[in-house]
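The values are calculated or read from the model by the stated rules, or taken from the named source; none is laboratory data. Everything numeric here is computed off the predicted structure, so don't read it as measured data. Counting neighbours? That spans all protein chains shown, and the Cβs are built from the backbone with ideal geometry, glycine included. All accessible areas refer to the heavy atoms of the entire protein, side chains included, with ligands and DNA or RNA removed. Shrake-Rupley method; radii C 1.70, N 1.55, O 1.52, S 1.80 Å.
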Amino acid sequence: MPASASISASSSHHRASPDLLVRLGSTDPEVKLRALREVKNQIIGNRTKKLSFLKLGAVPAVAAALDAAQSELLVQSAAALGSFACGFDAGVRAVLDAGAFPNLISLLSYPDEKVVDAGARSLRMIYQSKLAPKYDFLQVENMEFLLSLLSSENETVTGLGASIIIHSCQTDIEQNALCHAGVLKKLINLLEGSLSQRDASLESLATIMKDNPEAASKFVSESGRALSSVIDLTKDRYPRTRMLACRCLIVMRNTSPCHLQDIGIKTKLVYLLLELLDDPGQVGEEASFVFSSLIAQKEDLQKLAFKANALDKLHNQLLNYSSHPRRFQGILLVLADLCSNLESCRSRFLSLKALKLVADALTNDNADVRAAACICLRSVSRSIKDLSAGHFTNEVIVIPLVRLLHDPCTSVQVAALGAIGNIVVDFTTHKSTFVKCGGLKLLVQLSKSMDPTMRLKALWALKNLTFLADNTCKEGILSELTTPLLSSLICDPEASVQVQALALVRNLVDGCINSVEYAFAENDIILDAIGRQLQSASKAEIGIQGMYVLSNIASGNEFHKDAVHQVGL
Amino acid sequence: MPVRVVEASAPSQVSGANSGQTSPPACTLLSVGQAFSGTQNVCSLQKDEAWRVNVRIQGCDLEHGYLCGTMEALNVPMADTPVVTFWEGEIVDTKNYTFFTGKWEAKPDDDIRHWTKFPSFSPLASQVAVDGGKSLDLSNHPYIFMRWKEQNFVNVGTDCGLTIAGFYYVCFSCSDGSISGFYYDPNSSPFQKLELKSTNEGRSGFSFSSYELQ
């Protein structure tokens, strides 16, 4: 039958040949070389083939050829190992397990330039993976080796040096060690090198300066042209270089706000990144995250972005990229940053009807997208005007948000709690949509979580839900939460949870005078817990919220006032 | 509170901030959740009437000189139900906002004419005439001056025959939580007076609730 014939042909095409494994182990260099070439050619860009060879145990056989004396064998072995590692973590693991890493490193000192290049290329592939071994810069000989890589005439070798920095430089001690060893100077020189050297240098510089003001000022003072070179590269013809130059400048600015305060460069970065967002590939995807780091928590930049019509552009991107998870996530995060402070942005966001698109993203298959949609909703719902108008309390938003409280991914649950915490402040006394769709029950359940962040956020939302709630709503909250649970949360091991529990009680006993009675349920256990906390308050906010509760109770009748006296403070 | 003159309402614009100066004194009664009730005199040539008014503060950001809330007019003759509007306020802190409105059809002369209606304004008047009060330090002043601008109707449509085109000059007393105000709209009766007292919902003292946005 033609169909089955075709399937069998295709499956045999993907299968790695055991015979090839035998040839890889051959003592005849010619046979071995042909086998290595064959493996390399078969696996290039073919994940299925890589996996198939991996299962066959081909990687140790390929790695064994690194012991050979002939240059051509070394080149082919390194190239095949690099191919296994390229964009494939299982391949990286297999190459490392086969013990090939130190042998690949030693190829870098080989007299034959082709071998050096092949070794460096292969190691660069490995260093693109999180699984690559961390390089210890603090050892003198390692630092010297790194400097020798960065000084090399070979573009692949300098690129490897940069990759090692990008992968392994994680602490400020390592950043400072690299600065003191003179790495910044080498990287600044590479800014004038080839395309790949420029890109690698920009990425390494960003890694070294991130959150390290000392490194950032050393970079600026290292050479008069260092900063201007990076600024020039924001005009490079290649989009990736432009994006990396923007990122480097933003990292520097976020690290040391004294740099790049000029309104001109800020505006330029906003327009550059908005333009890079149009790139249909990886650059456009990364640009959204870089844009987010530019405007996050910076109202002046959010204003500039608003004036540059960023919201309209991002709205179009939401429409076009909903099936590209990482890009979609990036766009949602930029929208969240844009709407985090400015009412004008929130207002434009709503007028573009972007809320529906974000509500749809709450049910996306990808957990990062769901969390980003919650973060975006949290920002947009900071508008008291829109909360008051009840824009967020409709079923289109509330139902999927409440469902996310069940999400298997904790970060999604926490993000959903953040958005819910805002949305339940709807200023109407009914708050019915949220309660009807089971939101209250789930918040109470999460307030019992073992995870302190979850308890904190759940109680925060419950506190906001109780704000100006009518008596029916308050009764519902307390009967679900129960008096014993509330009093135990007032005494939670985490101080931040105690604060939220006390603020919840403060709202519970506010409003009509009958509400004060909630503090006296079940033999005054809530009042007792508050008294205990006030006597041993570990931070001021506990004292403040506790005193508000007592003050609200004391504004009741004579019995209530006496009870406050009895607390005995 | 809405009035009956038909006039399209102008959208509000946030004024630019000036640098320096300090925030007004934090006053416990000018905080979220606090309710006020009283009346607004709606004088006209034909008759003299007063509408009952309830106000609730929903948001307060002293740092940005921002306040907002709802205003409920109870016995509006043309409406079947109480009419609720959402308003946003500018606190005259001389940092974010000065005594000069600079919008909503209010010229400095209009501003001065209204502010001088408040007795507590008289010690400030001469300086305000010079620079709108920019150089004044109001951080310890016992009164907080504000402008409240209704932005939208909450429970009725815009076709209800009422308008919210004007805005209020408001003076809040930090000592007793009382509020007086004058409605300004070139197309409505001048100096309609708003008088509110903070309420404690039947308690023997004030009670304070809170929410926090994340």
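Across the range B:128-158, the number of residues qualifying as within 14 Å of another protein chain (Cβ to nearest Cβ), out of contact with any Phe, Trp or Tyr (no Cβ under 6 Å at 6 or more places or on another chain) and assigned to a loop (DSSP other than H, G, I, E, B) comes to 4.
Would you check if residue A:468 is open to solvent by 10 Å² or more (accessible area, probe 1.4 Å), more than 29 Å from residue A:365 (Cβ to Cβ) and within 14 Å of another protein chain (Cβ to nearest Cβ)? So residue A:468 passes the test. Any residue at all in the range A:328-345 that is within 14 Å of chain B (Cβ to nearest Cβ), more than 21 Å from residue A:402 (Cα to Cα) and among the aliphatic types (A, V, I, L, M)? Checking the range A:328-345: at least one residue is within 14 Å of chain B (Cβ to nearest Cβ), more than 21 Å from residue A:402 (Cα to Cα) and among the aliphatic types (A, V, I, L, M).
Filtering the range A:330-347 to residues that are in a helix (DSSP H, G or I) and over 14 Å from residue A:293 (Cα atoms) leaves A:343, A:344, A:345, A:346, A:347.
Annotation: of all residues in the range B:77-111 being assigned to a helix (DSSP H, G or I) and open to solvent by less than 50 Å² (accessible area, probe 1.4 Å), the one that is farthest from residue B:131 (Cα to Cα) is B:110. Within the range A:501-514, can you find the residues that are part of a helix (DSSP H, G or I) and either within 7 Å of chain B (Cβ to nearest Cβ) or modelled with pLDDT under 95 (or both)? Scanning the range A:501-514 gives A:503, A:506, A:507, A:513, A:514. Scanning the range B:188-214 for residues that are away from every other protein chain (no Cβ under 14 Å), at pLDDT below 90 and open to solvent by 20 Å² or more (accessible area, probe 1.4 Å) returns B:189, B:190, B:191. Annotation note: Cβ proximity below 9 Å between a residue of the range A:531-551 that is within 18 Å of residue A:563 (Cα to Cα) and a residue that is of a type in the set (S, T, N, Q) and open to solvent by 80 Å² or more (accessible area, probe 1.4 Å) (sequence gap 6+ or interchain) occurs for A:531/A:566.
Counting only residues that are over 11 Å from residue B:154 (Cα atoms) and of a type in the set (Gly, Ala, Ser), the range A:379-393 holds 3 of them. The numbered conditions (1) surrounded by fewer than 23 Cβ atoms within 10 Å (Cβ to Cβ); (2) under 23 Å from residue A:243 (Cβ atoms); (3) in contact with a Ser or Thr (Cβ under 6 Å, 6 or more places away or on another chain) are all true for residue A:213 except (2). Out of the residues in the range B:132-187 that are modelled with pLDDT of 90 or more, charged (D, E, K, R) and open to solvent by 20 Å² or more (accessible area, probe 1.4 Å), state the one that is farthest from residue B:90 (Cα to Cα). Of everything passing the filter in the range B:132-187, B:176 is farthest from residue B:90 (Cα to Cα).
Being β-branched (Val, Ile, Thr) and either over 29 Å from residue A:285 (Cα atoms) or in contact with an Asp or Glu (Cβ under 7 Å, 6 or more places away or on another chain) (or both) is the requirement here; does residue A:399 meet it? Yes; evaluated as a whole, the condition is true for this residue. Kindly indicate the residue of the range A:349-396 that is away from chain B (no Cβ under 14 Å), modelled with pLDDT under 95 and within 20 Å of residue A:464 (Cβ to Cβ) and also least open to solvent (accessible area, probe 1.4 Å) among those meeting that condition. Checking each candidate, the answer is A:394.
Among the residues making up the range A:486-500, those that are open to solvent by less than 30 Å² (accessible area, probe 1.4 Å) and part of a helix (DSSP H, G or I) are A:486, A:487, A:489, A:490, A:495, A:497, A:498, A:499, A:500.
When the range A:515-530 is filtered for residues that are open to solvent by 50 Å² or more (accessible area, probe 1.4 Å) and either touching a residue at least 12 places away in the same chain (Cβ under 8 Å) or facing chain B (nearest Cβ under 10 Å) (or both), the ones remaining, listed by number, are A:522, A:524, A:525, A:528.
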